[in-house]
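Just below is one structure, and these are the notes that go with it.
The values are calculated or read from the model by the stated rules, or taken from the named source; none is laboratory data. Fair warning: this is a prediction, and the values are worked out from it, not measured in the lab. We place every Cβ from the backbone using ideal geometry, glycine too, and count neighbours over all the protein chains shown.
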Amino acid sequence: MRNRTSISAFILLIITLYFSPFASGQEKIDAVLAGHAIVPLNSILTPPGDVPGHLQTSGKYTHPDSKRRDDVGAISGKDRNKPRIKDVNLPVEGQPFQGFSGIKMLKDGTAVIITDNGFGTAKNSPDAVLMFHRIKLDWDKGEVKLLETIYLHDPDRILPFLITNEATEKRYLTGADIDPESIQVVGDSVFIGDEFGPYVIRTGLDGKLTGFSELSINGKTLRSPDHYTFQSLPVPGPVTFDVKKSRGFESMAVSPDGKYLYPIVEAPLWIEEIRSFENLDGTNFVRIYEFDIDKGAFTGRSFKYALEDKNHSVTDFNLINDRTGLVVERDPGEGGVSLACNGDKEKAAAGNCFDDPARFKRIYKIDMGDADKDGFVKKLAYIDLLDIKDPDHVSRLGVKGPVFTFPFETSEGVDVYDPSHIVVLNDNNFGYSSGRTLGKNDDNEFILLAVGEFLK
């Protein structure tokens with residue numbers, strides 16, 4: 001009887017794991033490096049001539065004491081969080097081209113990418129001008145050709161709150177106003193997913209704002225600590241947040257017919273009633289919301305994406321077709337496991353190892369058309385960005401080996417390149433990320449991956 005019971009329990013366990021939306025038994029698909037292009041660190045752009053004078057230089061507010069430093073290169077030394085020497089001295093003359101936080105391929109073979117809020121927070125980025133770019137990827141030369149830079153501006157006062165350049169005529173937006181993290185192009189409109197609010201921002205192809213939407217579901221607005229309503233305290237009544245700080249719309253896909261956007265909140269929502277982050281049976285998940293472009297509003301419909309670990313986050317999302325898509329899920333680690341500190345406090349204090357190396361960087365193929373009864377999308381297969389094959393030595397790193405890795409904390413861009421390839425990029429946080437080489441700040445890298453039947 002004991003053996004029968006054990007066998008029955010084992011069979012039940014297998015069935016439960018097989019049909020669970022949280023099961024990690026998805027098929028791993030091998031990816032082969034087919035192209036590698038690099039935007040070097042310290043790639044700086046000259047802003048438009050009509051920007052206010054304080055925007056001609058950037059990074060003046062990044063010193064740990066928050067006091068402004070006007071002299072170019074006056075702020076140098078160590079990483080924001082780690083005792084590593086930085087390769088970037090701030091302020092810089094001009095505006096950083098990097099780091100990039102989203103990509104969308106266009107029908108003509110070019111792509112649009114978006115530069116995020118500047119230096120990591122609203123507080124230290126009031127002199128970082130917000131922009132997106134049209135680029136051409138040259139895989140043969142390993143280069144990214146900049147075709148056009150478009151600067152965000154709000155002369156018609158679409159944003160309902162105070163901005164840094166409030167009193168100017170063109171009202172250029174800065175990293176103290178919004179934090180653009182994802183981008184889509186639909187006709188003659190550009191849609192940007194913001195992390196602060198979170199908000200959906202609509203602009204023309206010239207970067208002029210034409211629309212603004214908050215995350216409002218069934219009459220309730222979901223807000224992060226950086227939402228504009230908390231800019232002027234005190235706020236009447238108890239202050240509660242639904243979205244974690246810096247965990248707004250990092251990702252945003254668009255339906256093939258151009259009717260709907262699908263932004264994802266990067267981390268689970270906070271549920272005040274139960275004093276916990278949103279989960280089902282202990283498994284955390286993030287929500288994929290549906291936004292009606294014609295109506296300029298959220299439909300109230302959403303899907304759930306189960307995270308493989310509570311410390312993971314979702315950093316980009318693009319659709320393959322009307323039901324399947326690509327999702328970047330990653331841990332917060334950076335750097336190779338072979339150089340991990342492994343508890344060596346002396347090496348960690350000296351910055352001679354990676355204290356939290358990259359262990360989980362994946363691109364999942366999901367099926368939104370096969371969501372279960374609880375609304376969870378199905379994970380079909382994945383690509384491991386820490387195990388990319390490079391038999392033809394395509395890597396531009398100068399190190400020849402059978403395996404190429406993408407060990408960045410901020411792997412933040414993915415899209416379909418053609419029927420058998422995807423393109424992936426990292427955000428180098430302009431001087432704050434160091435995942436490729438110990439003791440050296442990252443460049444922005446674009447990789448082209450041959451993925452076989454992954455996109456079918």
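For segment 430-448, the criterion of a residue being assigned to a loop (DSSP other than H, G, I, E, B) and aromatic (Phe, Trp, Tyr) is satisfied by at least one position. The criterion of at least 1 residues that are farther than 29 Å from Leu215 by Cβ and under 23 Å from the mean Cα position of the chain (by Cα) is met by the following strands (runs of 3 or more DSSP E) wholly inside segment 89-194: 131-138, 143-151. Does any residue of segment 375-387 turn out to be more than 24 Å from Gly118 (Cβ to Cβ), out of contact with any Lys or Arg (no Cβ under 8 Å at 6 or more places or on another chain) and not basic (Lys, Arg)? Within segment 375-387, one or more residues are more than 24 Å from Gly118 (Cβ to Cβ), out of contact with any Lys or Arg (no Cβ under 8 Å at 6 or more places or on another chain) and not basic (Lys, Arg).
Of all residues in segment 290-326, those being closer than 30 Å to Tyr432 by Cβ, in a strand (DSSP E or B) and either touching a Lys or Arg at 6+ places or on another chain (Cβ under 8 Å) or of a type in the set (D, E, K, R) (or both) number 8. If you go through segment 342-370 and keep only what is modelled with pLDDT of 95 or more and hydrophobic (A, V, I, L, M, F, W, C), you end up with Ala358, Phe360, Ile363, Ile366, Met368.
Looking only at segment 142-183, how many residues end up being more than 15 Å from Asp194 (Cα to Cα) and either in contact with a helix residue (DSSP H, G or I) (Cβ under 6 Å, 6 or more places away or on another chain) or basic (Lys, Arg) (or both)? Number of matching residues: 4.
Do we have Leu17 as of a type outside the set (S, T, N, Q), modelled with pLDDT of 95 or more and within 30 Å of Leu380 (Cβ to Cβ) here? Against the criterion (of a type outside the set (S, T, N, Q), modelled with pLDDT of 95 or more and within 30 Å of Leu380 (Cβ to Cβ)), Leu17 does not qualify. For segment 151-189, the set of residues classified as touching a strand residue (DSSP E or B) at 6+ places or on another chain (Cβ under 9 Å) and hydrophobic (A, V, I, L, M, F, W, C) consists of Leu152, Ile158, Leu159, Ile163, Leu173, Ile178, Ile183, Val185, Val186, listed by residue number. Under 15 Å from Arg330 (Cβ atoms), at pLDDT below 95 and within 20 Å of the chain's Cα centre (by Cα): does that describe Asp384? Considered against the rule, which asks whether it is under 15 Å from Arg330 (Cβ atoms), at pLDDT below 95 and within 20 Å of the chain's Cα centre (by Cα), Asp384 comes out as no. For segment 296-334, which residues satisfy the criterion of being of a type in the set (A, V, I, L, M, F, W, C) and more than 17 Å from the chain's Cα centre (by Cα)? If the condition is that a residue be of a type in the set (A, V, I, L, M, F, W, C) and more than 17 Å from the chain's Cα centre (by Cα), then Ala297, Phe298, Phe303, Ala306, Ile320 are the ones that fit.
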